[in-house]
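Okay, so here's the structure we're looking at.
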Amino acid sequence: MRVSDSDKELHDRMLLLQIQTYQKEGSRVVAADLDGWPTPPVVGRHVPDIMVEYRGKVVYNEVETCETIEQPETREQLEDFAEWATLHVTIPQSCLETAKRITAERGIEVETFWHYGGT
């Protein structure tokens, strides 16, 4: 999946912020698709951005941007992750409703949408 440099930077900032948010809540981040972290396992056909023990269960979190949320590969990822564990999605506030619409249309169960400023 090709993304712009600025989109990659936004993705990585949100990824780090989400890791910090989980840690502040007392959750244990097991793995993250980020330098310095163990790599999450392949789930279906894809690697989730974050694997976390959150409130007593394993959660896969996928961080997306407004540029990537509508791409076919993203839909595939979300379907795979939701099939194997509880799914969280981290998304900029400006495309939160788009993310909710896409997952609802595909019947993808998302327990929590985390959202942050940015586009």
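For segment 41-62, does any single residue satisfy the condition of being free of Cβ contacts under 8 Å to residues at least 60 places away in the same chain, of a type in the set (Ser, Thr, Tyr), assigned to a strand (DSSP E or B) and crowded, with 17+ Cβ neighbours inside 10 Å? If you could, list the steps in order and put the result at the bottom.
Within segment 41-62, the subset free of Cβ contacts under 8 Å to residues at least 60 places away in the same chain is 41-62.
Now drop any that are not of a type in the set (Ser, Thr, Tyr), which leaves 54, 60.
Then keep just the ones that are assigned to a strand (DSSP E or B); that gives 54, 60.
Next cut, crowded, with 17+ Cβ neighbours inside 10 Å only: 54, 60.
Yes, segment 41-62 contains at least one residue that is free of Cβ contacts under 8 Å to residues at least 60 places away in the same chain, of a type in the set (Ser, Thr, Tyr), assigned to a strand (DSSP E or B) and crowded, with 17+ Cβ neighbours inside 10 Å.
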**Message:** Among the residues in segment 104-112, are any at pLDDT 95 or above and within 11 Å of the chain's Cα centre (by Cα)?
**Reply:** yes
**Request:** Look at THR74 and say whether it is touching a residue at least 60 places away in the same chain (Cβ under 8 Å) and outside any strand (DSSP E or B).
**Result:** yes
**Asked** Looking at this structure, is THR90 closer than 22 Å to VAL42 by Cα and in contact with a Phe, Trp or Tyr (Cβ under 9 Å, 6 or more places away or on another chain)?
**Response** yes
**Prompt:** Does at least one position in segment 77-92 carry a residue that is surrounded by fewer than 19 Cβ atoms within 10 Å (Cβ to Cβ), hydroxyl-bearing (Ser, Thr, Tyr) and within 12 Å of the chain's Cα centre (by Cα)?
**Reply:** yes
**Asked** Looking at segment 66-119, which of its residues are under 14 Å from HIS11 (Cβ atoms), touching a strand residue (DSSP E or B) at 6+ places or on another chain (Cβ under 6 Å) and of a type in the set (S, T, N, Q)?
**Response** GLN77, THR90, THR119
**Asked** Which of the following residues is surrounded by fewer than 16 Cβ atoms within 10 Å (Cβ to Cβ), among the hydroxyl-bearing types (Ser, Thr, Tyr), in contact (Cβ under 8 Å) with a residue 12 or more places away in the chain and touching an Asp or Glu at 6+ places or on another chain (Cβ under 9 Å): THR65, THR103, THR98?
**Response** THR98
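The values are calculated or read from the model by the stated rules, or taken from the named source; none is laboratory data. Source: prediction; values computed, not measured. Glycine gets a Cβ as well: all are built from the backbone with ideal geometry, and neighbour counts include every protein chain shown.
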